[in-house]
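Notes for the one structure printed next.
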Amino acid sequence: MTLHSLRGFRDLLPPESSLFTRIEAAARGVFALYGYREIRIPTIESRELFVKSTGDTTDIVEKEMYAFTDQGGREVAVRPEGTPGVVRAYIEQNLSQTGRNGKYYYMGNMFRAERPQAGRYREFTQIGAECIGNPSPFADAESIGMLVKLLEKAGVRGLSAEVNSLGCAECRKSYRETLLDYLRANSASLCEVCRNRIERNPLRALDCKIDGPALVEKAPKLVLCAPCSEHFAKTQELLKVSGVEFKVNLNLVRGLDYYTRTVFEVKTSSLGSQDAVAGGGRYDDLVKSMGGPQAPAIGWAMGVDRLAALLKDQARADDPAAFVIAASDGARNAAFGLLGELRAAGVSADFSNFELSLKSQMRSADKSGAAVALILGEDEIKNATCAVKTLKEKTEQRTVPMTELLTEIKKMVP
Ligand code: HAM
């Protein structure tokens, strides 16, 4: 019997894995520029945390969460997203009292039992950023601008940012009734799950994946109260000032319950229906509702798997610069020593098996992606030289004195 990975779970192999590393490195660079510091939160939390924050009327909590009872009889869940854990940590660790900005970023695996398809996995990687404690539209514009900058840094082009405002509890009070009337009248076009959600969370029904788009387009629109309207206008003004390209999409509703005011998504047309590379928004009431201080917040998360898919042409294997070959028994130790010298000098170097034939080692060198093969045999040892052969351009083999080898190689490899 062969064992297989589970459906929706996958192995990330080189060179794709190197793309993930590159994206993560680009993100760390951008976060440092914007004053975001790293937070590492647990993978498993109490189930209740996600029910209370992500929301018990969301697909994520209702249908997709990996939740189970552990050996101690505790109801736990494997995190489907990072925001609830960050908020819990913010409250539990009294982070509002540090006197510093509550700007945190995280990178890690998230788990949702969604129906797997291209760009949608049951285990996926998110890079996320949360800015907690700043109610002003300057924080909104900074957060969205930083996301766009990160995507640019990672090398993607042609993405479009969409923004909307979902207002606050005040604006939603009267809207709720209007929307309820509309949804009740159109409940036949909703899926069963969303139909059952109408009364509990009418806004959530607008995210219906079955007939959602048509329904949302015709739905009565939320009228923002004066402060929310001002906040949205200022956010747009600041995005323009920072040169961030975006468009307003009044139909943008997000799939999580905690959002207030600004919401946004960055989309691409090249990933089929799974088109959101990143999404986020403001959650001004969440920290308080979870038992913390009044701390309005904004944040986003980016799907690294989707971003890597967009950048797949740029995937480069982490190939070594040099491949060392021992062409005779007596040269093996010297070849092993040469590997050490190369690495100490900052030249990445690899080998296969010095005990195999020259031909077999050459074959491995060709497959390794290395720029040069360095061959040591009887003659080379005797004369303190090394045979150097370029592998990609297939130029003639040259003999280089050992004393000049490092300088030569550094000239030859990028
Ligand atoms: P989200 O929209 O659920 O937001 O997820 C953010 C991003 O994660 C999506 O745009 C997508 O790129 C990626 N993603 C989500 N599900 C999958 C999946 N099954 N397979 C691959 N990629 C996926 C959040 O998670 C919020 N925590 C964002 C946020 C932070 N809002 C405020 N702060």
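The values are calculated or read from the model by the stated rules, or taken from the named source; none is laboratory data. Values in this document were obtained by computation on a predicted structure and should not be read as measured data. Cβ: placed from backbone, ideal geometry, glycine included. Neighbour counts: every protein chain shown. Heads up: the accessible areas ignore ligands, DNA and RNA and are worked out on the full protein's heavy atoms, side chains in. Shrake-Rupley method; radii C 1.70, N 1.55, O 1.52, S 1.80 Å.
crowded, with 19+ Cβ neighbours inside 10 Å and not polar (S, T, N, Q), is that true of Ile23? Against the criterion (crowded, with 19+ Cβ neighbours inside 10 Å and not polar (S, T, N, Q)), Ile23 qualifies. Of the residues making up the range 62-90, those that are at pLDDT 95 or above, open to solvent by 40 Å² or more (accessible area, probe 1.4 Å) and not polar (S, T, N, Q) are Tyr66, Ala67, Phe68, Gly72, Gly73, Arg74, Glu75, Arg88. Quick check, is Ala129 within 15 Å of the ligand (Cβ to nearest atom) and either within 24 Å of Ile60 (Cα to Cα) or among the aliphatic types (A, V, I, L, M) (or both)? In short, yes. Scanning the range 63-122 for residues that are over 22 Å from the mean Cα position of the chain (by Cα) and either of a type in the set (Asp, Glu) or more than 23 Å from Ala26 (Cα to Cα) (or both) yields a count of 21. Hey, does the range 266-281 have a residue that's more than 13 Å from the ligand (Cβ to nearest atom), over 29 Å from Gly85 (Cα atoms) and within 23 Å of the chain's Cα centre (by Cα)? There is at least one residue in the range 266-281 that is more than 13 Å from the ligand (Cβ to nearest atom), over 29 Å from Gly85 (Cα atoms) and within 23 Å of the chain's Cα centre (by Cα). Restricted to the range 164-239, the set of helices (runs of 4 or more DSSP H) holding at least 2 residues that are hydrophobic (A, V, I, L, M, F, W, C) and loosely packed, with under 13 Cβ neighbours inside 10 Å comprises 169-185.
Listed by position, the strands (runs of 3 or more DSSP E) contained in the range 366-414 that have at least 2 residues being touching a residue at least 12 places away in the same chain (Cβ under 8 Å) and exposed (fewer than 13 other Cβ atoms within 10 Å of the Cβ) are 398-401. Looking at (1) crowded, with 19+ Cβ neighbours inside 10 Å; (2) touching a strand residue (DSSP E or B) at 6+ places or on another chain (Cβ under 8 Å); (3) more than 24 Å from Ala317 (Cα to Cα), find the lone condition where Phe354 falls short. Single failed check for Phe354: (3). Of all residues in the range 37-59, those satisfying the criterion of being open to solvent by 10 Å² or more (accessible area, probe 1.4 Å), within 14 Å of the ligand (Cβ to nearest atom) and either farther than 27 Å from Lys149 by Cβ or not hydrophobic (A, V, I, L, M, F, W, C) (or both) are Glu45, Leu49, Asp59. Candidates in the range 240-299 are the residues that are open to solvent by 50 Å² or more (accessible area, probe 1.4 Å) and in a strand (DSSP E or B); of these, the one that is farthest from Leu150 (Cα to Cα) is Val248. A count restricted to the range 108-124 and to residues that are buried (at least 21 other Cβ atoms within 10 Å of the Cβ) and more than 8 Å from the ligand (Cβ to nearest atom) stands at 1.
In the range 1-59, which residue that is in a strand (DSSP E or B) and not acidic (Asp, Glu) is nearest to Glu130 (Cα to Cα)? Ranking the candidates gives Arg37 first. Report every pair of residues separated by at least 6 positions or lying on different chains whose Cβ atoms are under 7 Å apart, first residue within the range 322-346 and assigned to a strand (DSSP E or B), second of a type in the set (Asp, Glu). Close Cβ pairs (under 7 Å, with a partner that is of a type in the set (Asp, Glu)) amount to Phe323/Asp350. If you go through the range 16-42 and keep only what is of a type outside the set (Gly, Ala, Ser) and out of contact with any helix residue (DSSP H, G or I) (no Cβ under 9 Å at 6 or more places or on another chain), you end up with Thr21, Arg28, Arg40. Out of curiosity, is Gly291 under 30 Å from Glu142 (Cβ atoms) and near the ligand (Cβ under 9 Å from one of its atoms)? Here the answer is no, as Gly291 does not meet what is asked.
If you filter the range 1-20 down to residues that are more than 14 Å from the ligand (Cβ to nearest atom) and open to solvent by less than 50 Å² (accessible area, probe 1.4 Å), you find that the one that is nearest to Ala309 (Cα to Cα) is Leu19.
Within the range 300-321, the residues that satisfy the criterion of being assigned to a helix (DSSP H, G or I) and either within 16 Å of the ligand (Cβ to nearest atom) or among the aromatic types (Phe, Trp, Tyr) (or both) are Val304, Asp305, Arg306, Leu307, Ala308, Ala309, Leu310, Lys312.
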